[in-house]
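Here the structure comes first, spelled out in structure tokens, and everything after it is commentary.
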Amino acid sequence: MNAEKSPGSRIAKHAVLGDMPVQKELTIYFEGKPLKALEGEPIMAALVAAGVTVFRYTKKGSPRRMFCGIGRCTDCVMTVDGVPGVRTCVTEVREGMRVERQQGVGNWNIQAEADHA
Amino acid sequence: MRNDGKPAVVVGAGPAGLCAAIELKKAGAPVVLMDENAKPGGQLFKQIHKFFGSREHKAGIRGFDIGKELLAESLRLGIDVRLKTEVVGIESGLKVWAVEDRSKSYTLDAGKLILATGATENALSFPGWTLPGVMTAGCAQTLINVHRVLPGKKVLMVGSGNVGVIVAYQLMQAGARVAAVIEALPRLGGYGVHTAKVRRAGVAFHCSTTILRAEGKEGVEKAVIAKIDEKFRPIPGTEQILDVDTICLAVGLTPSIELSCLAGCRQIYVPELGGNMPAHDDYMRSSNESVYVVGDIAGVEEASTAMEEGRLAGLHAAWAMGYMDDQTMKTRTNETRERLQALRQGVFGQKRFAAKERILAMRKDA
Ligand SMILES: Cc1cc2nc3c(=O)[nH]c(=O)nc-3n(C[C@H](O)[C@H](O)[C@H](O)COP(=O)(O)OP(=O)(O)OC[C@H]3O[C@@H](n4cnc5c(N)ncnc54)[C@H](O)[C@@H]3O)c2cc1C
Ligand code: FES
């Protein structure tokens with residue numbers, strides 16, 4: 001299975017919830033490539049909508065995605081704007097945000113952290 | 001006598017916490033409601049099905065509509081709701097340590113503390129359970145109903161309780177195919193109405209069945225299930241391979257008790273209600289008299305019971321802080337307890353009722 005393109009899509013119409021409300025579109029960068037996201041959604045949702053299945057690899061190279069979806073388990077952590085270990089299921093997208101897969105605990109880039117703060 | 005202006009702090013803005021805060025505010029007591037999420041409502045906003053229970057308890061109303069009602073009321077009352085605020089510690093003397101927006105840390109002295117932190121879904125480990133595509137049922141429910149993205153196309157649901165069947169149905173509503181619902185016990189666990197809906201949609205239910213492993217390289221490609229005997233051992237030769245890309249785990253919830261441990265509340269073990277939880281009395285007071293525990297943290301039940309427990313604590317705390325007279329507190333408490341008792345009836349309710357009675361008895365022994 002290709003890790004980047006696989007099942008996953010937006011639910012535009014829904015019998016109970018109705019049509020998807022119109023939301024402002026933003027651009028985030030996943031592994032350097034531009035990707036559409038909706039204002040207010042967590043990074044996880046934008047990645048799932050784009051069909052990304054692998055969010056990170058462990059130290060031993062085993063793939064991970066999300067598990068709990070509500071910030072409890074840390075399965076979904078990625079490097080966001082240079083800061084590793086960010087829970088993508090509870091972190092909202094921002095225009096221009098850079099989202100990268102991390103290996104193991106990732107690399108701390110102190111400058112990026114300073115920019116982030 | 002009114003205490004020295006310290007507010008009641010409610011942690012968790014799910015149905016339990018919202019109701020506690022509403023009762024406090026209505027009585028005129030100072031109250032601060034904190035939740036780590038950007039929106040209040042807890043689990044309610046994921047629930048797009050019509051609720052079960054009596055009419056008085058909003059049966060027939062969808063969970064998210066109940067959430068909207070509670071929210072509107074809390075806004076109307078002008079409750080101090082602090083969102084994106086994670087409570088990370090409770091220090092002695094009821095100092096609540098909060099982190100706002102993951103950047104600002106502060107402490108707040110609480111007069112009373114009401115913990116309404118809910119529950120966390122259980123995991124189930126089997127070979128391949130860490131593969132992308134394996135997730136809790138609640139995770140899938142959040143993705144489809146709150147964020148409106150579909151995590152997969154072909155799903156295996158592990159667990160036939162209410163969460164399992166409801167989320168299976170909602171996954172179908174969102175456009176996925178559910179290959180099967182499996183259950184380790186010899187009988188199905190959920191309310192008949194929900195199970196029947198999923199069955200009618202053509203989904204196979206397998207009892208006395210477990211998942212042996214998930215297979216796939218970068219994500220789930222297959223699930224291998226098998227029948228189990230009465231000792232829960234897989235029966236050789238009964239393996240079945242399912243072509244799925246998503247495996248949802250609906251194998252129960254455990255109360256989120258961390259803060260109650262930090263607050264020094266005595267913990268007890270009640271398997272029927274999710275495992276370890278803070279002991280409490282019939283005002284929902286924990287062993288620490290200034291700390292109340294309400295909703296799923298005090299035993300995993302339902303939104304309807306969580307709301308009533310929240311009210312009980314809110315009423316008692318308002319009275320204890322000097323904002324409600326004895327008579328009003330007694331009358332309202334009795335009404336609330338009657339509604340709670342009505343909710344704990346029927347086949348499912350009875351078991352929870354018995355468990356709750358045991359908790360109260362344990363508390364008296366303490
Ligand atoms: C699939 C499914 C179907 C259901 N169907 C029904 C139904 O039909 N009828 C019914 O009555 N019930 C139903 N329920 C159950 C119901 O949703 C829960 O019992 C109810 O939401 C529990 O309420 P609560 O307020 O205790 O916790 P929650 O709703 O879980 O709220 C707890 C809140 O506290 C926050 N929190 C936790 N820790 C902290 C912290 N340290 N700092 C800040 N915030 C924190 C959490 O993020 C959350 O927002 C269903 C549940 C599921 C999963
Ligand atoms: S998926 Fe569990 S923390 Fe994000």
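Before moving on, here are some points about what is shown:
- Of the chymotrypsin sites (Phe, Trp or Tyr not before Pro) in the range A:38-93, not one is in a loop by DSSP (not H, G, I, E or B) with at most 15 other beta carbons within 10 Å.
- Sorted peptide list for B:302-310, A:35-43, B:95-103, criterion being average Cβ within 10 angstrom, highest first: B:302-310, A:35-43, B:95-103
- Per residue, the average separation of C-alpha pairs within less than 8 Å and at least 6 apart gives chain A a relative contact order of 27 percent.
- Ratio of the Cα radius of gyration of chain B to 2.2 N^0.38 Å, where N counts its residues: 1.03
- Interface of A with B. Using a 1.4 Å probe and counting protein heavy atoms only, the two chains hide about 3200 Å² of accessible surface, both sides summed.
- The DSSP beta bridges internal to the protein assembly as shown are antiparallel in roughly 60% of cases.
- Residues of the range B:132-177 whose accessible area, computed with a 1.4 Å probe over protein heavy atoms, drops by at least 50 Å² once all protein chains are present relative to their chain alone are B:P132, B:C139, B:H147, B:R148, B:V149, B:L150, B:Q173.
- Working from label points 7 Å from Cα in the Cα-to-Cβ sense, the B:A354 to A:K33 distance is 5.6 nm.
- Members of B:K95/B:K356; B:K26/B:K46; B:K39/B:K68 lying beyond 19 Å, as alpha-carbon distances in this model show: B:K95/B:K356; B:K26/B:K46
- Taking only protein heavy atoms and a 1.4 Å probe, the accessible area of the protein assembly as shown is 52% carbon and sulfur.
- FRET efficiency for B:S125 and A:A15, using Cβ-Cβ distance with R0 set to 41 Å, rounded to 0.05: 0.70
- Neighbouring partner chain Cβ atoms per residue of A:37-45, average, 10 Å criterion: 3
- In the range A:49-88, burial by the other protein chains removes 50 Å² or more of accessible area from A:P63, A:R65, A:M66, A:F67, A:I70, A:R72, compared with the chain on its own (1.4 Å probe, ligands and nucleic acids ignored).
- Considering helices alone, the calculated mean residue ellipticity of chain B at 222 nm is -10000 deg cm²/dmol, with DSSP H runs of length four and up weighted by -39500 (n - 2.57) and normalised per residue.
- In this calculation the C-beta distance from B:R76 to A:K60 is compared with R0 = 60 Å, giving a FRET efficiency of 0.65.
- Neighbourhood charge, 10 Å Cβ-Cβ cut-off, centred on B:I268 and excluding it, Lys, Arg +1 and Asp, Glu -1: +3
- Excluding ligands, DNA and RNA, the accessible surface per residue across the range B:123-249 is 39 Å² with a 1.4 Å probe.
- Computed from the C-beta positions of B:R213 and A:T74 and an R0 of 22 Å, the FRET efficiency is 0.40 to the nearest 0.05.
- Within the range B:123-249: Cβ-based charge dipole about Cα centre, in debye rounded to nearest 20 (Lys, Arg +1; Asp, Glu -1): 320 debye
- Expressed to the nearest 5 percent, the antiparallel share of DSSP beta bridges inside the range A:3-111 is 80 percent.
- Cβ neighbours within 10 Å from other chains - mean over B:214-221: 4
- Antiparallel DSSP beta bridges within the range B:123-249, percent to nearest 5: 40 percent
- Per residue, the accessible area of the range A:15-117 comes to 48 Å², computed with a 1.4 Å probe over protein heavy atoms only.
- Distance in nm between pseudo-label sites at A:E95 and B:L83 (7 Å out along the Cβ direction from Cα): 2.1 nm
- Within the range A:55-90, backbone nitrogen closer than 15 Å to the virtual label 7 Å beyond the Cα of A:N107 toward Cβ: A:79-85
- Calculated [θ] (222 nm, deg cm²/dmol) that DSSP helices of n ≥ 4 give over chain A, each run adding -39,500 (n - 2.57): -3000 deg cm²/dmol
The values are calculated or read from the model by the stated rules, or taken from the named source; none is laboratory data. None of these values were measured; they are calculated from a predicted model. Note that we place each Cβ from the backbone using ideal geometry, even for glycine, and neighbour counts take in every protein chain shown. To get the accessible areas, we keep the full protein, side chains included, count just its heavy atoms, and leave off ligands, DNA and RNA. Shrake-Rupley method; radii C 1.70, N 1.55, O 1.52, S 1.80 Å.
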